[in-house]
Amino acid sequence: MPWGAAVIAVTYGLARYGFGLHLPRFRAEFGLSSAAAGGIAAGGYLAYCLAALLGRRWAARGRARSALWLAAGTAAAGSLLVAAAWSAPALTAGVLVAGTGAGAATPALVAAVAATVPPAAGPRAQAVVNSGTGAGVVVGGLLVLAVPEAWRAAWAGFAMAAVLATWGADRSTRWAAAGDGGRRSRLRVRELARPLVAATVAGAGCAGVWTFGRDLLADPGGLADGTTGLLWCVLGAAGLLGGISGDLVQRVGLRAAWAGAAAGTAVATVLLAVLPGVPWAAGVALAVFGCGFVVLSGVLIAWGAQVVPAAAAQAAAVLFTGLTVGQAAGSLVLGLVAGGAGARTAFVVAAGLLLAAATVTERAAGSVSRPAAAAGRPR
């Protein structure tokens, strides 16, 4: 599903996480404080949640194709508004709308993969599509390297890419008939209580790097724009390795895969806090974080499918909503911590949240942690 990965690349790696990539430029042009930046990021994450809930409902009713085009429309419209932003409120509105698209993309593409790919290849295909985030981050970083001043043109390009990628994904999917499986795919959210807690706490911890990572490299790290753009490419390229999450779950089980990825991202976050001005150290930290984050999100898809195999798309929407609610709360809290105690302290707090997520999951995932169970069909 290369087109599915392209949709994730645009909606997540560019339209959603592009705010953190361009935050130094936005701060300079619109006078944003750390607290204001955190608030804008949090608003974008909450808009994502609304779209994820709608996408979940549509997927349950056999309308995943409509959810896919909702993702494209909001990502494109929001990106165009960012490109044209004339004030901080206009920028905020654009970020809110652009961040919405990714929420509908996940349940739509989980359903698309289930309808198109043979069941035995499902876990690997889902992981590969999910790793598209890394590709989008790489593209965003390369644009910053090549044309650092042209952020408006870049966001206009994001809008065009969202429509093109979605058209390709739509054309390559064997969609189920509308209304198909609504009765068979009902989901009770309480079934996902444990992974939902783990996802929410992990999301709060991951918000540090996604929202303030490049800002930390620039100040207090003191690294030049070109260097930080290159390091952002490293983060994205490492995220492509997150496509191994499907195989990883089959080999070591859900519990070990989640706990290992959460611990790895925590260590990476601390390393970035300690040595933000040392390029090689920052590169290692961002590489570990990028791979770890995509593995975390891929494991969430597998975990939800394991718990409720008849409602995998809905489960993915619920768990990604939890991840994003955590990111919204984390952006707000870490922005306040950064404004009061400094960015490095905020990153240490973020690392603590990631370690807490690993601990919660070790206890919570015990019933589905065996590799043999994880290798079962997710649908």
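Using only the alpha-carbon atoms, how far is helix 254-274 inclined from the longest principal axis of the chain? Give it as 0 to 90 degrees, nearest 10. Here the helix axis deviates by roughly 0 degrees. Look at the Cα gyration tensor of segment 55-166: its axes a ≥ b ≥ c give a/c of at least 1.5 with a/b at or below b/c, and that counts as oblate. Per-residue Karplus couplings for segment 34-42, computed as 6.51 cos²θ - 1.76 cosθ + 1.60 with θ equal to phi - 60°, are listed in order as 4, 5, 5, 4, x, x, 5, 4, 4 Hz, Gly and Pro entered as x. Taking a ≥ b ≥ c as the square roots of the eigenvalues of the alpha-carbon gyration tensor, segment 281-342 is classed oblate because a/c is 1.5 or more while a/b is no larger than b/c. Taking the Cα atoms only, what angle lies between the long axis of helix 64-83 and the longest principal axis of the chain, rounded to 10 degrees? Compared with the principal axis, the helix lies near 10 degrees. Phi angles of segment 164-171 translate, via the Karplus equation with coefficients 6.51, -1.76, 1.60 and θ = phi - 60°, into HN-Hα couplings of 5, 5, 5, 4, x, 5, 4, 5 Hz per residue; Gly and Pro are given as x.
Suppose every Lys and Arg Cβ carries +1 and every Asp and Glu Cβ carries -1, with no other charges. What dipole size does segment 147-270 come out with about its Cα centre, to the nearest 20 debye? Mind showing how you got there, number by number?
Working: 12 positive and 8 negative charges, 185 e Å.
It comes to approximately 880 debye.
A helix-only calculation puts the chain at -26500 deg cm²/dmol for mean residue ellipticity at 222 nm, using -39500 (n - 2.57) for each DSSP H run of at least four residues, averaged over all residues. In a DSSP loop and with at most 10 other Cβ atoms within 10 Å, the trypsin sites (Lys or Arg not before Pro) in segment 134-175 are Arg174.
Taking θ as phi - 60° and the Karplus parameters 6.51, -1.76 and 1.60, the scalar couplings of segment 223-236 work out to 7, 6, 4, x, 5, 5, x, 5, 5, 5, 5, 4, 4, x Hz in sequence order, x denoting glycine and proline. Computed about its Cα centre, the charge dipole of the chain is approximately 1460 debye, with only Lys, Arg, Asp and Glu carrying charge at their Cβ. For segment 1-127, the dipole from Cβ point charges (+1 on Lys and Arg, -1 on Asp and Glu) about the Cα centre works out to 340 debye, to the nearest 20. Mind listing P(r) for segment 84-124? All alpha-carbon pairs, 5 Å bins, whole percents. Distribution as computed: 5, 20, 17, 12, 11, 9, 9, 8, 6, 2, 0 percent.
Note the angle between two axes, namely the Cα long axis of helix 132-146 and the longest principal axis of the Cα atoms of the chain, as a number of degrees from 0 to 90, rounded to the nearest 10. Roughly 20 degrees, rounded to the nearest 10. For segment 236-285, rounded, prolate or oblate, judged on the Cα gyration tensor with a ≥ b ≥ c (square roots of eigenvalues), a/c < 1.5 rounded, else prolate if a/b > b/c? It comes out oblate by the Cα gyration axes.
A short reminder: the numbers here are calculations on the coordinates, not readings from a lab. What you see is a predicted model; the values in this text were computed from it and never measured. When we count neighbours, we look across all protein chains shown, and the Cβ atoms used for this are built from the backbone with ideal geometry, even at glycine.
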